[in-house]
C-alpha cells in the first residue's frame with residue numbers, strides 16, 4: 001500500500017521564524033510561502049510548515065505516506081481499522097486517517113505523483129543532490145516516534161499500514177528499545193524508554209494520553225562537520241559532531257529543536273557502502 005514518505009507537517013506558532021530557520025537548515029528557499037503554509041522540497045519529500053491552530057503545540061504533527069492507488073489504499077485502510085477522518089477539509093489527492101485509530105498519530109495517505117526533479121538530480125536512493133554546499137541537507141534519513149506501547153505501534157505501523165519491520169533492538173546502555181520500519185527511501189523509528197514504568201497521574205487515568213507521538217526528524221547531509229560549521233556560522237547551535245550509533249556515521253543534534261521538532265543531522269561515509 002505504502003511506497004514511501006510524501007511529506008511531513010510541522011506546526012509552528014511563529015511561522016516566519018520557523019520558515020527562516022528551515023531555509024537556513026536546508027540551504028534552500030521554500031517553494032511556497034504564504035500566511036497559511038510554507039513548503040520546502042527536499043528530494044521527493046515536501047516539508048510543510050503550518051501556523052498553530054487553537055492550543056495545538058508546536059512540533060511534528062503529521063506524516064504523509066505516498067501510495068500508488070489512493071482509492072485502493074483507502075479501502076484497505078478501512079478494512080484494517082484505519083478509518084478516514086472526515087472532520088477535516090480533504091485536499092485533492094490526500095486522505096487523513098483518524099488519529100484515534102493510529103494511536104494519536106497524524107497519518108495522511110497521499111497519491112504518489114511524478115515529481116519535477118529529474119533522474120539527473122536524484123540518485124537511486126531518492127536523495128536530492130542539487131543542494132548547495134556539502135553541509136546542506138540532501139534528504140530525510142528517518143522519522144522518530146515516541147511510544148509507551150510497542151505492541152500497539154507494531155500493530156499500527158506493521159499490521160495496518162504495512163511497513164516492513166527490519167530491526168527490533170533493546171539496549172540497556174541507551175535506556176531504550178528501538179524498532180526500525182523501512183518506508184521507501186527512509187526509516188520510521190519507534191522508540192520506547194526502558195525506564196521502570198510508574199503509575200500515571202490521576203487525571204491521565206481518566207483521559208489517558210495517546211500511546212504514540214511524532215517526536216523528531218533526522219536529516220542527512222554529505223558532511224556532518226561541514227553542516228555543523230555552516231549552521232554554527234549562521235547562529236544555529238548544535239552539539240559537537242560525534243560517531244553515530246549506526247556504523248560509519250557522524251551525527252550531531254541541534255541545541256534548540258526548530259518549531260519543537262527534535263532534530264538530528266547525519267552523514268554516512270560513502271566508502272562504507274551504507275550511503
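Within region 39-57, being surrounded by fewer than 18 Cβ atoms within 10 Å (Cβ to Cβ) and either in contact (Cβ under 8 Å) with a residue 60 or more places away in the chain or more than 23 Å from residue 186 (Cβ to Cβ) (or both) holds for 51, 52, 53, 54, 55, 56, 57. Checked against (1) more than 23 Å from residue 259 (Cα to Cα); (2) modelled with pLDDT of 90 or more; (3) crowded, with 18+ Cβ neighbours inside 10 Å, residue 122 meets all criteria but (2). Evaluation of residue 20 against the conditions (1) surrounded by fewer than 17 Cβ atoms within 10 Å (Cβ to Cβ); (2) in contact with a helix residue (DSSP H, G or I) (Cβ under 8 Å, 6 or more places away or on another chain); (3) more than 23 Å from residue 210 (Cβ to Cβ) shows that the sole unmet condition is (2). In this structure, does residue 202 turn out to be more than 27 Å from residue 179 (Cβ to Cβ) and modelled with pLDDT under 95? Answer is yes for this residue.
Among the residues of region 72-85, are any closer than 25 Å to residue 262 by Cβ, in contact with a strand residue (DSSP E or B) (Cβ under 6 Å, 6 or more places away or on another chain) and either outside the structural domain of residue 221 (by TED's automatic domain parsing) or crowded, with 19+ Cβ neighbours inside 10 Å (or both)?
Our first condition is that a residue be closer than 25 Å to residue 262 by Cβ; within region 72-85, this holds for none.
No: zero hits.
When region 163-193 is limited to residues that are outside any strand (DSSP E or B) and within 17 Å of the chain's Cα centre (by Cα), the one that is modelled with the highest pLDDT turns out to be 163.
The values are calculated or read from the model by the stated rules, or taken from the named source; none is laboratory data. This is a predicted model, so every value here is computed, not measured. Glycine gets a Cβ as well: all are built from the backbone with ideal geometry, and neighbour counts include every protein chain shown.
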